[in-house]
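Quick notes on the structure that follows.
The values are calculated or read from the model by the stated rules, or taken from the named source; none is laboratory data. Keep in mind the model is a prediction, meaning the values are calculated, not measured. Glycine also receives a Cβ, built like all others from the backbone with ideal geometry; neighbour counts cover every protein chain displayed. Side chains are part of the model used for accessible areas, which takes the heavy atoms of the whole protein and leaves out ligands, DNA and RNA. Shrake-Rupley method; radii C 1.70, N 1.55, O 1.52, S 1.80 Å.
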Amino acid sequence: MSANLFQAYKLNSSLTLSNKILMAPLTRCMADNDLVPTQAMADYYARRADAGLIISEATIIRPDGQGYPNTPGLFTPAQILGWRTVTDAVHSKGGKIFAQLWHTGRVAHPHFFGGGKVLSASAQAVEGSVPRMRELTYQTPTPASLADIKQLVADYAQAAANAIDAGFDGVEIHGANGYLIDQFLHHESNRREDEYGQTPANMSRFALEVVDAITARIGADRTALRLSPGAYFNMGADKRDREVFDYLLPELEKRELAFLHIGIFDDAMEFDYLGGSASSYVRSIYQGTLVGVGSYTAQTGDAAIAADKFDLLAIGRPFIANPDYVARVRQGQELVAYSDAMLAELV
Ligand code: FNR
Ligand code: 8K6
């Protein structure tokens with residue numbers, strides 16, 4: 001049972017994972033009011049250190065990237081120090097941890113950063129409001145100017161350098177789930193008429209600039225990326241998006257990133273314009289290490305790896321419910337079922 005999951009996996013010459021189970025990035029909204037990680041967060045991550053790799057909850061690169069309360073940052077000295085406590089705790093238990101770098105783009109709300117502009121690719125609002133803060137309706141964003149884009153790329157690279165200073169083993173760029181980078185990659189949110197819009201190469205430009213700036217700063221072997229080629233969250237579908245990812249994925253393959261990670265809640269979901277699931281689509285044109293995720297169990301994930309659908313398995317909600325997920329699976333013990341009520345507390 002689960003034989004594939006417990007094999008070591010060499011990502012590249014600098015990183016080898018002790019098993020193929022990743023803890024998926026999971027926003028918990030538990031940082032302090034300066035967006036500094038707490039001791040309770042360090043303890044929470046350390047309890048999960050036997051994952052082959054932990055990916056941190058999404059962590060904002062700068063104030064205007066914030067779309068939810070108390071999500072941690074990586075842009076002040078106090079935040080870097082707070083994360084150092086987390087990474088030390090994980091490393092002392094033999095684990096590895098990447099920081100997930102985040103800017104929510106049009107899903108940001110000025111409530112969280114004292115007013116000011118909400119930036120996105122174009123002036124296309126996302127419908128609705130901040131979860132559990134329903135009075136905060138999403139605003140029509142301001143299209144990022146060329147100067148804004150330059151600054152954003154620089155801020156992503158600085159946050160990556162800060163992550164390394166904080167002791168992270170690498171970073172995963174959050175290019176998925178309808179947030180800023182993803183907003184450039186989909187036609188619903190990107191209506192630009194300049195060199196960042198309309199064609200697959202232009203729509204991929206911002207994502208590739210962020211990747212290139214970060215790899216130049218910390219190395220491709222420590223840089224990963226999460227993508228959602230299928231629109232399913234904070235995003236409307238458009239079948240022309242396929243051509244964008246058909247262009248982007250081979251470009252990414254040339255960059256020799258540590259891994260590519262699918263952003264999806266249920267990998268059984270099929271997208272007609274991708275010809276199947278998001279993971280099967282990416283696997284068909286991308287040869288590098290691929291992380292699958294989305295409503296898998298250890299058994300179904302192990303079978304997917306055996307069938308060569310992806311190389312590594314990320315586990316989200318079951319890891320919230322079971323800090324000892326890896327040990328339980330290894331020993332064939334029953335798991336505690338996840339429920340949304342568990343989000344109230346860091347166990
Ligand atoms: C998530 N997910 C998520 N994804 C991401 O890229 N960054 C994040 O910060 C979060 N935060 C988050 C919070 C909560 C409470 C949930 C439930 C999910 C998505 C997550 O990484 C994963 O893709 C999904 O949960 C699907 O995997 P499971 O839970 O079915 O194993
Ligand atoms: C206040 C917590 C904010 C968390 C932000 C990250 C997103 C996690 C939210 C979980 C909700 C699930 C929505 C799933 C959409 C699937 C559609 C098919």
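Note on D32/E243: beta-carbon distance plugged into 1/(1 + (r/R0)^6) with R0 of 30 Å gives a FRET efficiency of 0.10. In straight-distance terms, cross-link reach from K150 covers every one of the lysines whose alpha-carbon lies under 19 Å from its own, apart from those fewer than eight places away in the same chain; here that gives K117. Residues whose amide H comes within less than 5 Å of that of Q100, counting only those at least five positions distant or on another chain, are S56, T59, E172 (H built at 1.01 Å from N in the peptide plane). Looking at the square roots a ≥ b ≥ c of the eigenvalues of the Cα gyration tensor of the stretch 114-168, which shape do they give, rounded for a/c under 1.5, prolate if a/b is larger than b/c, or oblate? Cα axes put the stretch 114-168 in the oblate bin. Spread over its residues, the convex hull of the C-alpha atoms of the stretch 99-205 is 115 Å³ per residue. Under the classification rounded if a/c is under 1.5, otherwise prolate if a/b is larger than b/c and oblate if not, where does the stretch 127-271 fall, given a ≥ b ≥ c as square roots of the Cα gyration tensor eigenvalues? The shape class here is rounded.
Calculated on the alpha-carbon coordinates, the convex hull of the chain measures out at 119 cubic angstrom per residue. Return the tail of the calculated pair distribution for the stretch 3-43, meaning the percent of Cα-Cα pairs more than 14 Å apart. Value for the stretch 3-43: 64 percent of Cα pairs lie more than 14 Å apart. Pairs spanning more than 21 Å between alpha-carbon atoms, out of K20/K93; K239/K309; K20/K254; K10/K254; K20/K309; K96/K309: K239/K309; K20/K254; K96/K309. Under the criterion of Cα pairs below 8 Å and six or more residues apart, the relative contact order for the stretch 192-313 equals 22 percent. Considering helices alone, the calculated mean residue ellipticity of the chain at 222 nm is -10000 deg cm²/dmol, with DSSP H runs of length four and up weighted by -39500 (n - 2.57) and normalised per residue. Measuring with a 1.4 angstrom probe and ignoring ligands and nucleic acids, M133 comes out at about 40 Å² accessible. Which shape class applies to the stretch 213-330: rounded if a/c is under 1.5, otherwise prolate when a/b exceeds b/c and oblate if not, where a ≥ b ≥ c are the square roots of the Cα gyration tensor eigenvalues? Oblate is the answer for the stretch 213-330, as a/c is 1.5 or above yet b/c matches or exceeds a/b. Choose one answer from F245, F271, F259: the residue with the largest mean-square fluctuation in a GNM of the chain with alpha-carbon springs under 10 Å. Result: F271 has the largest fluctuation of those listed. Counting Lys and Arg as +1 and Asp and Glu as -1 over every other residue whose Cβ lies under 13 Å from the Cβ of S339, the net charge comes to -1. Just the protein heavy atoms count here, and of the accessible area of the chain at 1.4 Å, carbon and sulfur take up 50 percent. Across the chain, Cα pairs under 8 Å and at least six residues apart give a relative contact order of 16 percent.
Karplus-derived 3J(HN,Hα) values for the stretch 256-270, using 6.51 cos²θ - 1.76 cosθ + 1.60 with θ = phi - 60°, are 6, 5, 4, 6, 10, 10, 7, x, 7, 8, 9, 6, 7, 5, 10 Hz; glycine and proline are entered as x. Scanning the chain for DSSP H helices at least 20 Å long along the axis (C-alpha atoms) with a Kyte-Doolittle mean no lower than 0.0 picks out 77-92, 146-165, 200-218.
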